[in-house]
Amino acid sequence: MPKLNINGTEIEVENGTTVLQACEAAGFEIPRFCYHERLSIAGNCRMCLVEVKGMPKPIASCAMNVNDLRPGPNGEPPEILTVTQPVKKAREGVMEFLLINHPLDCPICDQGGECDLQDQAMAYGGDSSRYDENKRAVEDKNIGPLIKTEMTRCIHCTRCVRFMTEIAGVEELGLIGRGEDAEITTYLERGITSELSGNVIDLCPVGALTSKPFAFTARPWELIKTESVDVMDAVGSNIRVDSRSSEVMRIMPRNNDLVNEEWISDKSRFIWDGLRSRRLDRPYIREDDKLREASWEEALTLIASTISSVVPRKAAMLVGDLATAEEIYALKRLAEVLKWKNIDCRQDGTMLSPAQGRGTTLFNSTIEGIDEADAILLIGANPRLEAPVLNARIRGHWALGHVAVGVIGANEDLTYGTHYIGASPSDLSKLDDGSGDTAEFAEILRNAERPMIIIGSAALKGPEAQNNLIAAARLAKGFNAIRPDWNGFNILHTAASRVAGLELNFLPAEGGLPTNEILSQAKANQLDFLYLLGADEIDTNQLGNAFVVYQGSHGDKGAAAADVILPGCTYTEKNGTYVNLEGRVQQINRAIFPPNEAREDWAIIRALSGAIGKPFGFSTLTELRARMYEAVPRLAGVDTLEPASYQDIVSLADQSLSKLSTDALAPSVEDFYLTNPVARASKVMNEMSAIKYGQTAKATGTHD
C-alpha cells in the first residue's frame, strides 16, 4: 500500500485512495464544494488544492490518485503540504473567483447557518475582493413544488446533476452553456419526477437549491433536532426531525451506511406538513350517524360496555402500517385477555407468517448485502415506489456493472436496465428450464456467486400467495441462493409496522381469521366489533354493521367509518420501536407533544384494559418494554440485526407446489405519494401526486 508524508505525518493508505481522502485520514481538513464521497469526481471547484513536493503548482486533491504521485529522489514517500502559504493563497484566489458573481443575500437565504460557502469563506477566504464589475444574474427554474431555486447563487459544483444521474437514475438536471452563460437547468423545462429529488437540497453547498415548503419559515439554530426513524416505508431510513415549539418544521436524513446511507425519499422528507393537518385531537362518538366530541372517560366506557356484550368469535382487531411495536404488543395483550382470535397486522392481505420460519418474512441478504449480489430477481416488486432508497442502492451496484436484474411482474422503469421475464408467477418456470428470451438471465442466475431473489407484496396477496412463496423458495434453492454463507431470499415489505407485528405474532390465533376473511365476515354482518389501530388501507365499505373503534392520528378512511374515535400520536410525537424489513430493531424519539387530548397509543390501550376491568401489569413505557422484551428478546437489541436461519427457506421450498397462476401481478403501490393517512393529509404530497399521476388534488387531502 502507498505511503505518504502529509504535513510531516507518515501515513499508509489503500490503493486507489485520492489525495483528499488520504489527507482527511491523516487528520487534516480539506475544503471542498464539488467533491462528495458518494458521487463521481468532477474536479471543477478547485477548492481542495494542496501542494505536492516536486509539482510546479498546487493540485486538486480530489482528482489526484495517490498511486499517481512520484516518490522523492531517494525513494522517500511523496510529501503533501496542506497548510503552506502557496496553498493558502491558492484557496483564497479560488474563493475570490467563486464570490465574483455570488449575491450577498445571506440574510434572506434559507441556507444561512448551514452554508458551506459561508463557512469556507470565513475559514479560507480573504477579507476583500478586487472585483467591482456587475454580478451576473440567472433566471430561476421552476422544477416542481419541492425544490426552490435561486440559480444566481449556483457555483456550478454539479453535485445535483451527478446525484440525479448516478444515484437517482433520472437524468433530468444538467449543465448547459459555457463560461458566463453556464447554468444548471432541467433539460425539458419541467418538474423533477424522481422519488429521491429532495436529496439535492442537502447536497447543494450554497443556497441555489433549497426546500420550497420550508422556505422562510425558520433558521437552523432555532430548531430542536431529534434523531428518529422514517416510517413511510419498511426500510427504516434514519432521519432527524427538526421542530420548533409544537410543530415539526422539516425532516432531514441521518447517515447510516447499513440502511439508507445518507439519502431519504421525497415522501419521507416532505411529509411533515401532513403531520399537523386533519388531526384527531379529541375522542369522538357517533350518534345519529354524526360524530360528536366526547371525553376520554365517556369514549372508553362506551367501548368497554360494547365489548362486554360481544362474542369473541364475532370480534376482530387490525393493525395499520405505522404502528410501533409497543402498541402492537399492548393490543395483542388486550386480545389475549379478551380471548379474541381474529387479529391481524397484515392489513394489505399479504400472507406471511413466522410459523413457517422467521427467514420467510425478512430481507435476509440485508440492505448492505445488495452491494455483494451479482444477480437480482424481482418478483412482484417495484422497489422504486415501494422502497426508493433501497432501489437507489440496487441502481448504484448495477451502474458499476456488478449486477444483472431480472423482473417478473409489471414492467416499470426502475431507473436501471432489467431483463424482463414475464408478468405472472407462471413465468418463474421459464427460469427453471431457461427457455425463450429468459435463457440469458437464467444463465446469469445459474453462474452467480451471490444471487438474490426479492419478493414483493404483489406476489404475496390473495389465494396464490403461499404458492408463489414456495415457488420463489424453490427457485432460490435451485440457483444456490440459500446456503450457510449467503441467504439470498428476501421479502420486500412496504409497511413500517409489518415486521414488528410478525415478530410479536400479531396474527390470527388457531381458528382465527386473517384480514380478508375478517372483512368478508364484516360485510356479511357476521362481525359485531372491529378495532382498527391506524388501519386505513382497508376497504371500509365492507365493514357492514360492525361497531368500529378507530385509534389513530388522522381523520382518514378508518376514522370516517368509526363509531368511536380515539386520538393517537404520529411517529414524531411518541417514543417507540420499529423493526425494518431486514429485522433491524430501531427506536424513534418524541420530537413534539401531540395536540390537545391526543395520547400515546400504548397508553390508550392500557387505559382501555382498565375500563373493561382487566388492567395490564404495566403503567409506564419502560415496564411495557420489559414485558415485550420477555416475550420477544431480540426486540431489546436496538440498532442490531439478528439473522434468520436459511433452513427456514429450505423447509419452505420442500413444501408441495401446485400450478402457478398465469394472472399478471398487479402493482402494490399505485400512487407513491399517497400511501398512508399522513401522506394523504399532506398538501405537498397531494400536489406531487397531481403532477405525477395526473390526478386532481382533493381539498380534503383524500385520493380516489
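The values are calculated or read from the model by the stated rules, or taken from the named source; none is laboratory data. These numbers come from a predicted model, not from an experiment. When we count neighbours, we look across all protein chains shown, and the Cβ atoms used for this are built from the backbone with ideal geometry, even at glycine. We work out accessible area using only protein heavy atoms, side chains counted, and drop any ligands, DNA or RNA first. Shrake-Rupley method; radii C 1.70, N 1.55, O 1.52, S 1.80 Å.
What percentage of all Cα-Cα pairs in the range 3-54 are separated by more than 18 Å?
So the portion of pairs separated by more than 18 Å is 32 percent.
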Item to check | Degrees, to the nearest 10: 465-478 long Cα axis against longest axis of the chain | outcome: 50
Item to check | Förster radius 25 Å - calculated FRET efficiency between I108 and R244 (Cβ-Cβ, nearest 0.05) | outcome: 0.85
Checklist entry - So what is log10(I(q)/I(0)) for the range 395-443 at q = 0.14, 0.18 1/Å, when the Debye sum runs over its Cα atoms only? => result -0.36, -0.57
Next on the checklist: With θ taken as phi - 60° and the coefficients 6.51, -1.76 and 1.60, list the Karplus ³J(HN,Hα) couplings across the range 560-575 in order, rounded to whole Hz; mark glycine and proline as x.
Outcome noted: 5, 9, 7, 8, 9, 10, 10, x, x, 10, 7, 5, 8, 10, 8, 9
Checklist entry - If you rank K557, K683 by how much accessible surface each has, with a 1.4 Å probe, what is the order from largest down? => result K683, K557
Checklist entry - Under a point-charge model restricted to the Cβ atoms of Lys and Arg (+1) and Asp and Glu (-1), what is the dipole moment magnitude of the range 219-375 relative to its Cα centre, in debye to the nearest 20? => result 760
Checklist outcome for this item: Under 5 Å from the placed amide H of D536, counting only residues 5+ away or on other chains, we find D321
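Mind checking the per residue accessible area of the range 373-421 for me, 1.4 Å probe, whole number of Å²?
About 28 Å² of surface per residue is accessible.
Kirkwood Rh over alpha-carbon pairs of the chain, then Stokes-Einstein at 10 °C and 1.306 mPa s: what D in µm² s⁻¹, rounded to an integer?
So the translational diffusion coefficient is about 58 µm²/s.
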Next on the checklist: Considering only protein heavy atoms and a probe of 1.4 Å, how much of the accessible area of the range 588-704 is carbon and sulfur, as a whole percent?
Outcome noted: 50
Item to check | Pairs beyond 28 Å (Cα-Cα), from K339/K523; K267/K523; K225/K692; K290/K341; K523/K614 | outcome: K267/K523; K225/K692; K290/K341; K523/K614
Checklist outcome for this item: Phi angles of the range 131-145, converted by Karplus (6.51 cos²θ - 1.76 cosθ + 1.60, θ = phi - 60°) into ³J(HN,Hα) in whole Hz with x for Gly and Pro, give 9, 10, 6, 5, 6, 7, 10, 10, 5, 6, 10, 8, 10, x, x
Checklist entry - Taking a probe of 1.4 Å, how large is the accessible area per residue of the range 183-301, in Å²? => result 39
Checklist outcome for this item: Given the candidates S553, I482, N525, the one whose Cα lies deepest towards the positive end of the charge dipole of the range 445-589, counting +1 at each Lys or Arg C-beta and -1 at each Asp or Glu C-beta, is I482
Checklist entry - Can you work out ³J(HN,Hα) from phi for every residue in the range 32-48, in order, using Karplus 6.51 cos²θ - 1.76 cosθ + 1.60 and θ = phi - 60°, giving whole Hz and x for Gly and Pro? => result 7, 10, 7, 6, 8, 4, 9, 10, 5, 7, 9, x, 10, 9, 6, 6, 8
Next on the checklist: Can you tell me, using C-alpha contacts under 8 Å and at least 6 residues apart, the relative contact order of the range 505-554 as a whole percent?
Outcome noted: 36
Checklist entry - Kirkwood hydrodynamic radius of the range 564-656 from all distinct Cα pairs, in Å? => result 15.9
Checklist entry - Which of the peptides 486-498, 405-417, 146-158 is most tightly packed, and how do the rest follow, judged by the mean count of other Cβ atoms within 10 Å per residue? => result 486-498, 146-158, 405-417
Checklist entry - In the range 16-123, what percent of the accessible surface is made up of carbon and sulfur (1.4 Å probe, ligands and nucleic acids excluded)? => result 55
Checklist outcome for this item: Share (percent) of C-alpha pair distances in the range 422-517 greater than 23 Å works out to 36
Item to check | Accessible area per residue in Å² at 1.4 Å probe, computed on the range 427-534 | outcome: 36
Item to check | Under 15 Å from K135, Cα to Cα: aspartates and glutamates that are on another chain or at least 8 residues apart | outcome: E96, D105, E150, E180, D181, E183
Checklist outcome for this item: Residues whose modelled amide H sits under 5 Å from the amide H of I453, counting only those 5 or more places away in sequence or on another chain, are L377, F489, N490
Item to check | Dipole magnitude (debye, nearest 20) for the chain, charges at Cβ of Lys, Arg, Asp, Glu | outcome: 940
Item to check | Highest average packing first - 382-395, 268-281, Cβ atoms within 10 Å | outcome: 382-395, 268-281
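First check a/c for the range 353-440, with a ≥ b ≥ c the square roots of the eigenvalues of its C-alpha gyration tensor; if it is under 1.5, answer rounded, and if not, answer prolate when a/b is larger than b/c or oblate otherwise.
Oblate, because a/c is 1.5 or more while a/b does not exceed b/c.
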Checklist outcome for this item: With a 1.4 angstrom probe the carbon and sulfur portion of accessible area for the range 268-371, in percent, totals 49
Checklist outcome for this item: By the C-alpha gyration tensor axes a ≥ b ≥ c (rounded if a/c is under 1.5, else prolate when a/b exceeds b/c, else oblate), the shape of the range 603-644 is prolate
Next on the checklist: Based on alpha-carbon centroids, what's the gap between the range 531-591 and the range 299-340 in Å, whole number please?
Outcome noted: 13
Checklist entry - When averaged across all projection directions, what area in nm² does the alpha-carbon convex hull of the range 260-361 cover? => result 10.5
Item to check | Percent RCO, i.e. relative contact order, over the range 521-595, from Cα pairs under 8 Å lying at least 6 residues apart | outcome: 22
Next on the checklist: Relative contact order of the chain, please, whole-number percent, based on alpha carbon pairs below 8 angstrom and at least 6 residues apart.
Outcome noted: 14
Item to check | Relative packing of 584-592, 64-72, 133-141, which averages over residues the other C-beta atoms within 10 Å, highest first | outcome: 584-592, 64-72, 133-141
Checklist entry - So how many Å³ per residue does the convex hull of the Cα atoms of the range 45-93 work out to? => result 73
Item to check | Pairwise label distance in nanometres, E14 with A123, each label 7 Å out on the Cα-Cβ vector | outcome: 2.5
Next on the checklist: Placing +1 on the Cβ of each Lys and Arg and -1 on the Cβ of each Asp and Glu in the range 230-321, which of I271, M317, A294 has its Cα farthest towards the positive end of the resulting dipole?
Outcome noted: A294
Item to check | Estimated [θ] at 222 nm from DSSP helical runs (n ≥ 4, -39500 (n - 2.57)) normalised by residues in the chain, nearest 500 | outcome: -7000 deg cm²/dmol
Checklist outcome for this item: Note: the range 337-383, point scatterers on Cα, Debye, no solvent; log10 I/I(0) at q = 0.13, 0.16, 0.24 Å⁻¹ equals -0.50, -0.68, -1.12
Checklist outcome for this item: The value for the range 26-163 (convex hull of the alpha-carbon atoms, volume per residue, Å³) is 142
Checklist entry - Kirkwood-based Rg over Rh for the range 227-294 (C-alpha set), two decimals? => result 1.18
Checklist entry - Would you list Y124, Y550 from the most to the least accessible area, probe 1.4 Å? => result Y124, Y550
Checklist outcome for this item: Taking a straight Cα-to-Cα line shorter than 25 Å from K430, and setting aside same-chain lysines fewer than 8 residues away, one finds K461, K477, K659
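Hey, how much of the P(r) for the range 55-133 falls beyond 22 Å, as a percent of Cα pairs?
That tail contains 42 percent of the Cα-Cα pairs.
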